[in-house]
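What follows is a single structure, written as structure tokens, with notes after it.
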Amino acid sequence: MSVLDRVVGGVSCREVLVDLSEYVDGELPPTRVAAVEAHLAGCDRCERFGGRFASTVAALRRSLARPTGGVPPEMAAGLRRRLAEDGAA
Ligand SMILES: [Zn+2]
């Protein structure tokens, strides 16, 4: 039996590794995200491996959460104002 078959939080290490790329891309369904995070929290082996991803993912998710896709809203508003003024001139 492989160490990758260890089941923590309802998923095996192997499943976590399979889901990890989607998890990093933010394409994993919330229910799977919860399972992956529960596994990472309870599996010391994956925590060491996936923990490095997890901090990257967290930072990534914060930047992706912006509705304008990375540009701060106040900056986008100023840009739109400038564009509107240029268009009127
Ligand atoms: Zn694991």
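Every read-out reported here was derived from the displayed coordinates using simple, explicitly stated rules and does not represent laboratory data. Note that this is a predicted model, so its numbers are computed, not measured. Note that each Cβ is placed from the backbone with ideal geometry, even for glycine, and that neighbours are counted across all protein chains shown.
Along Cα→Cβ, 7 Å out, is where each label goes; now give me the distance between the ones at GLU27 and GLU47 in nm to one decimal.
Distance between the two pseudo-spin positions: 3.0 nm.
Going by average Cβ neighbours within 10 Å, how do the peptides 22-34, 5-17 rank, with the highest at the top?
Packing order, densest peptide first, comes out as 5-17, 22-34.
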